[in-house]
Amino acid sequence: MAGLLNPLDVKGLELKNRIVLPPMYTGLATSDGAVTEALVKHYVQRSKAVGLIIVEHSFIAPEGKLGERQLGCDKDSLVEGLEKLSSSIHASGVPIVLQINHAGRNANPDIAGLQPVGPSPEENVRELKVDEIIEIAERFAEGAERAMRGGFDGVEIHGAHGFLLNQFFSPLANHRTDLYGGSLENRMRFPLEVIERVKEKVEGRLLLYRLGSDDLDPKGTLIEHSQRFAVKLEKAGIDILDVSGGLCGSRPSELQDVQGYFIPQAQRIKEAVGVPVIGVGGIRDSEYANQLVLEGKADLVAVGRSLFRDSKWAEKAVERLK
């Protein structure tokens, strides 16, 4: 049985181990979303002993921007900086993918100067029309194309943590009565359309989906819904499923005392699909991470805040587990 330090081949791309640096907002881009030297340095410092880097969420449209200094992929002028980031990481021999995102109703109107949009109308949130939904799918595709031109090995579509695609999937946020709302089949429609468009642009390179697998609310997304969605995602061409929280976010307060708090969800998704699954959730100990892979609960393990705090966490983990 493979462990954390064993390589993994995904679509002909070899990851030297199963440690993933997950996407975490750094606030190190410019106000326009461009790569800076500080951002490059942040990722290079953490690249030496990981198997895969997923770069923090990059906004695909101005109205979908969340943070003042969030990374962007919404215009061609940003490609040069993305290429500098990817080439710096490739120099360490590590594959790198870019997470692409639209914050939807959670976008910051003070930053974009635009009213947030979402699947359904809410206070200060405008409901998207069908033609706008189609346009946003195209913007995801354009962002993916810029990532490819920027030398990335693939993209991760952000469908978790209460952002736009997750909002369409969750019955807590989606109250539409058209073909994009109501049934589970309809709530999956927009994310699947985004995947279809993005897949055309990545041209055989890695395609990941960050799955908001559980809202931690009995009226919201349940893991049974996400298992059915995961099967659809695999059929749509997703190469790796990155399993995290839904509208509850990435760090639900009720689970903070538990290491690996989204591992049970990852395990359930892994039961439903044949593609590799990333497990995540406050993972701190390399021995614990190794055991997750050995026991088949996840194929890869994302270590976020520990690597954020200690850039050498992965190097120490490799030495310890050897």
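Derivation of every value follows stated rules applied to the coordinates shown; laboratory data play no part. Predicted, not measured: the structure shown is a model, and the values here were computed from it. Don't worry about glycine lacking a Cβ; one is built from the backbone with ideal geometry, like all the others, and counts go over all protein chains shown.
A Förster radius of 22 Å combined with the Cβ-Cβ distance from Glu80 to Gln45 puts the calculated FRET efficiency at roughly 0.50. Taking 32 Å as the limit for the C-alpha separation, the pairs Lys41/Lys129; Lys11/Lys129; Lys84/Lys201; Lys84/Lys129; Lys219/Lys270 exceed it in the case of Lys41/Lys129; Lys11/Lys129; Lys84/Lys129. At 222 nm, what helix-only mean residue ellipticity would the chain give, in deg cm²/dmol to the nearest 500, using -39500 (n - 2.57) for each DSSP H run of four or more? That calculation yields -10500 deg cm²/dmol at 222 nm.
Using every Cα-Cα pair within segment 175-264, state what percent have a distance larger than 17 Å.
Percentage above 17 Å: 54.
Over all distinct Cα pairs, what is the inverse of the mean 1/r for the chain, reported as the Kirkwood hydrodynamic radius in Å? Final number for the Kirkwood radius of the chain is 19.3 Å. Taking a sphere under 15 Å around the Cβ of Arg284 and counting the other residues whose Cβ falls inside, with K and R at +1 and D and E at -1, yields a net charge of +2.
For Met1, Met188, the sequence from fewest to most other C-beta atoms within 10 Å is Met1, Met188. Label positions at Glu127 and Lys316, each projected 7 Å from the Cα along the C-beta direction, are separated by 5.2 nm.
Loop-located trypsin sites (Lys or Arg not before Pro) in segment 177-223 (DSSP state not H, G, I, E or B) with no more than 12 neighbouring Cβ atoms inside 10 Å: Lys219. Expressed to the nearest 5 percent, the antiparallel share of DSSP beta bridges inside segment 8-321 is 10 percent. Across every direction, the projection of the convex hull enclosing the Cα atoms of segment 104-205 has a mean area of 6.9 nm². With neighbours defined as other Cβ atoms within 10 Å of a residue's Cβ, the residues Lys84, Lys312 order from fewest to most as Lys312, Lys84.
Taking the fewest neighbouring Cβ atoms within 10 Å as the starting point, the ordered list for Val155, Val94 is Val94, Val155. Segment 239-302 and segment 42-69 have Cα centres spaced 20 Å apart.
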